[in-house]
Amino acid sequence: MLNKLRNIRWSAVLYAVLGIVALAGVGMLMSLVGKKDNAQVCTDLHVIIEGKETFIDQQDISNLINKTYGSVAGKQLASIPLHKIELTLEKLPYVSSAEVHMDMDGVMQVKVSQREVIMRVINKAGKDFYVDPTGLKIPVTLKYVPRVLVATGNISEGYKQALDTIESGTLKNLLEVVKYVNNDELWGNQVVQLYVNDDKDIELIPRVGSQDLVIGNADSLESKFDRLKLFYNQILPRVGTEAYNKINVKYAHQIVCERKGSWTIDSLAIVKK
């Protein structure tokens, strides 16, 4: 028996016992901390709005939370549904994401990221809405008017409810054109509006010059804008800014120019001479 007792590694036993005691202590401590947290009350509400848009502000978010869930200041933390508040905020059409948590001082920290819009659509019925880079529709508001390209003309698609996705080929083409223009410094400064004519062709309204620039749809945009650059760099200096009313680059390898109601056609090969 003594030999068996001598063979026992008492140091290992001691470590095991100490480990069990430590785990029990941690468990008790966590339990006490949890009870303390549940009894702690919310001391304040702090809202951060991220994004360059200002569709909403801190007061809008605070008012919505307090109206929907009651005034959170003074409430016990356990009674405040943080996740539900996040979901409520993310249902707002101007909000892309929301994070809500309590800090160590009992302050509810709310971080809201706003959606970015890149195009305003005014359809032929006079109804308008914004579109974000992913194609989601955002309602207009009198509170804030972002500086984005405006698309007008023969546009049938309207606005049903927030965060609908654009459906028509016309709007999808317009969105791709806007993305291209916004990513190009030259055209970003030159193009001020988009117009859809009766033939469903997209026209660009330039900042400088009186010509309407017809590009058709969003196919082969790089080629079309390269030909427009050729027009500005090689044709316009020869004929003057008032020679043509409309410049059409929807046809492959051609620049079609309208002069006082008649059409003259320059192919890309001729232009390069």
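The values are calculated or read from the model by the stated rules, or taken from the named source; none is laboratory data. Not measured: the values here are computed from a predicted model. Counting neighbours? That spans all protein chains shown, and the Cβs are built from the backbone with ideal geometry, glycine included.
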Looking only at residues that are touching a residue at least 40 places away in the same chain (Cβ under 8 Å) and part of a helix (DSSP H, G or I) in segment 63-106, which one is surrounded by the most Cβ atoms within 10 Å (Cβ to Cβ)?
I65
Would you say L213 is touching a strand residue (DSSP E or B) at 6+ places or on another chain (Cβ under 6 Å), modelled with pLDDT of 95 or more and not in a helix (DSSP H, G or I)?
yes
Taking the criterion of being at positive phi, modelled with pLDDT under 85 and assigned by the TED database to the domain that holds I155, would at least one residue in segment 243-256 satisfy it?
no
So, G135, is that one in contact with a helix residue (DSSP H, G or I) (Cβ under 9 Å, 6 or more places away or on another chain) and at positive phi or not?
yes
More than 33 Å from the chain's Cα centre (by Cα) and modelled with pLDDT of 90 or more: which single residue out of K75, K84, K36, K91 fits that description?
K75
Search result, residues across segment 204-232 that are within 28 Å of G126 (Cβ to Cβ) and either under 25 Å from the mean Cα position of the chain (by Cα) or of a type in the set (F, W, Y) (or both)
L204, I205, N217, A218
Identity of the residue in segment 154-165, over 13 Å from R120 (Cβ atoms) and not charged (D, E, K, R), that ends up surrounded by the fewest Cβ atoms within 10 Å (Cβ to Cβ):
Q161
